[in-house]
Structure formats: C-alpha cells, structure tokens
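The values are calculated or read from the model by the stated rules, or taken from the named source; none is laboratory data. A quick note: this is a predicted structure, and the numbers were derived from the prediction, not measured. A quick note on method: Cβ atoms are made from the backbone with ideal geometry, for glycine too, and the neighbour counts reach across all protein chains shown. Heavy atoms of the whole protein, side chains included, go into the accessibility calculation; ligands, DNA and RNA do not. Shrake-Rupley method; radii C 1.70, N 1.55, O 1.52, S 1.80 Å.
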Amino acid sequence: MFTFWLAGYETPFSYGAYVDWKEAAEEVVARLQGVLGKLGLPIDLGEVLFQGDEDTFDALVLIARFLDERDHALVVIDTESDSYHLYIVPEAAVDRLVGLGASVGFSITIPAT
C-alpha cells in the first residue's frame, strides 16, 4: 500500500512511478519524466539512448545508468510482484534509503545487469 501511495497509483501523489513488467520503454520514460518534473529536477530522460528493442528491465537499466551520470539513482522498492515501483533519488541518499527500507522490511535496489 505504501509503495502505491508514494507512486501516485490511484492517489493524488506522484513521487514515483508504478509500471508493469512488460511496459514499453517510452511509457516508462513518460512516467518517470513526470516524477522528475514533480521533484523539480532538470533532467530530460528523452536523452536516454534506446535501441528500440529493450524489454522493461533493460530500459530500467539504461535509465538507471543515465541518472547515475547525473548524480541520481533510479531505485526500485521490491513488492514481490511482477511490477516495478520506481523512484528517483539523489545518489548520495541511496545507502541511507536502502538501510531505512531494510529496517522496515523493504528491499530497495537499483536496476543493473
């Protein structure tokens, strides 16, 4: 429930993005670009270089690498489902966020291959 609330899934909030495991890369980008706008971050995910055949996870990896180059991280709060609860945080906050998540039983990861 908490992750849905944060992601704005049927709530008035949009601090993250909720995407299905088979979401198209452009849809993931559109949802995350909205998050960047809400957070006031001048990062344009339209600059991510996709080949056009990425599955959702591969798109998340490319987006995570792109954000890493801009001192931010794409994190996933694992809800043990076939969807992704995505959030963008400053790179410097990742370790603290992972620790806080673990303290309440949330697994928080960064998409990587």
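Tabulated values for the structure
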item	result
Matching residues in the range 85-113 - criterion: being open to solvent by 60 Å² or more (accessible area, probe 1.4 Å) and over 14 Å from the mean Cα position of the chain (by Cα)	Ala92, Asp95, Arg96, Leu100, Ala102, Ser103, Val104, Gly105, Phe106, Thr113
Which listed residue, of Thr109, Thr56, is closer than 13 Å to Ala17 by Cβ and touching a residue at least 24 places away in the same chain (Cβ under 8 Å)	Thr56
Those residues of the range 35-84 which are small (Gly, Ala, Ser) and either open to solvent by less than 20 Å² (accessible area, probe 1.4 Å) or not in a loop (DSSP other than H, G, I, E, B) (or both), in sequence order	Gly37, Gly46, Ala59, Ala64, Ala73, Ser83
